[in-house]
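Here's the structure, in structure tokens; my notes come after.
The values are calculated or read from the model by the stated rules, or taken from the named source; none is laboratory data. Everything numeric here is computed off the predicted structure, so don't read it as measured data. Every residue, glycine as well, gets a Cβ built from its backbone with ideal geometry; the counts of neighbours run over all protein chains shown.
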Amino acid sequence: AQTVTQSQPEMSVQEAETVTLSCTYDTSENNYYLFWYKQPPSRQMILVIRQEAYKQQNATENRFSVNFQKAAKSFSLKISDSQLGDTAMYFCARRNNAGNMLTFGGGTRLMVKP
Amino acid sequence: KAGVTQTPRYLIKTRGQQVTLSCSPISGHRSVSWYQQTPGQGLQFLFEYFSETQRNKGNFPGRFSGRQFSNSRSEMNVSTLELGDSALYLCASSIDWASGNTIYFGEGSWLTVV
């Protein structure tokens, strides 16, 4: 089975500091898409950032950026200037090059402390 | 523009009963997929529909079924409910089946089987 692994079940960070969430994945395809989703207590999945595997440049969205290492099959999320509203579960997900099926990692629970 | 709408939001069923969950995608979206989220198994893909046709199916028993209507609205059905079917069921939509499009999630339907 092609899996997605998040090795950090829980993390905490002080407000305004930077935190990095790790994700590794497995795939036999050359072209695919990677995502980070945030799931706050309301449980709605919110897209944080996406990366297309054929693009070398790391994606950035305001305070969120990724470190995509294709050869190592690694896709980490960096949150800068952490805010209390960033407290949530974060899921890494992979979508292959056919259809809209996402394979999710087990999630990382992030707590931002004041 | 309305987001992905799921109904009902909460429901309680008895073992052996069946349940139908509904999902209205974002206007203009033709792809709808379903996910089951449990504490033990995490987020697992159930199935995806596009233009009323099932395109992908996850590894779930035949008690789980779905369909999509001509207006892109989708329903999923679980028959002969078991305690282990208690979960958050998430619906997601995307414009089409092309893998480059963003997938948006609804707030989910909480199913409790007693």
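Just a few scattered comments:
- Some residue of segment B:15-30 being without any contact (Cβ under 8 Å) to a residue 60 or more places away in the chain and either within 9 Å of chain A (Cβ to nearest Cβ) or in contact with a Phe, Trp or Tyr (Cβ under 7 Å, 6 or more places away or on another chain) (or both): no
- If you go through segment B:64-89 and pick out every residue that is in contact (Cβ under 8 Å) with a residue 60 or more places away in the chain and not charged (D, E, K, R), you end up with 6.
- Set side by side, the residues B:Phe60, B:Phe69 differ, and just one is under 15 Å from the mean Cα position of the chain (by Cα) and more than 14 Å from every other protein chain (Cβ to nearest Cβ), which is B:Phe69.
- Against the criterion of being in a loop (DSSP other than H, G, I, E, B) and either at pLDDT 95 or above or hydroxyl-bearing (Ser, Thr, Tyr) (or both), A:Gln2 does not qualify.
- Tally of residues being surrounded by 14 or more Cβ atoms within 10 Å (Cβ to Cβ) and not small (Gly, Ala, Ser) across segment A:68-86: 8
- Screening A:Met89 on (1) within 11 Å of chain B (Cβ to nearest Cβ); (2) outside any loop (DSSP other than H, G, I, E, B); (3) closer than 13 Å to A:Phe35 by Cβ shows it passes everything except condition (3).
- Qualifying residue in segment B:73-86 (condition: over 18 Å from A:Phe35 (Cα atoms), within 13 Å of chain A (Cβ to nearest Cβ) and surrounded by 19 or more Cβ atoms within 10 Å (Cβ to Cβ)): yes
- Any hit, segment A:11-23, residues being within 14 Å of chain B (Cβ to nearest Cβ) and over 15 Å from B:Thr102 (Cβ atoms): yes
- Condition met for A:Tyr37 (closer than 22 Å to B:Asn56 by Cβ, of a type in the set (Phe, Trp, Tyr) and assigned to a strand (DSSP E or B)): yes
- Answer residue from segment B:41-59, given it is in contact with a Phe, Trp or Tyr (Cβ under 8 Å, 6 or more places away or on another chain), aromatic (Phe, Trp, Tyr) and more than 23 Å from A:Gln6 (Cα to Cα) and is surrounded by the fewest Cβ atoms within 10 Å (Cβ to Cβ) among those: B:Phe50
- Put simply, of A:Arg94, A:Arg43 the only residue that is at positive phi, within 14 Å of chain B (Cβ to nearest Cβ) and among the charged types (D, E, K, R) is A:Arg43.
- Just one of the numbered conditions (1) over 24 Å from B:His29 (Cα atoms); (2) surrounded by 14 or more Cβ atoms within 10 Å (Cβ to Cβ); (3) in contact with a Ser or Thr (Cβ under 7 Å, 6 or more places away or on another chain) is not true of A:Arg94: (1).
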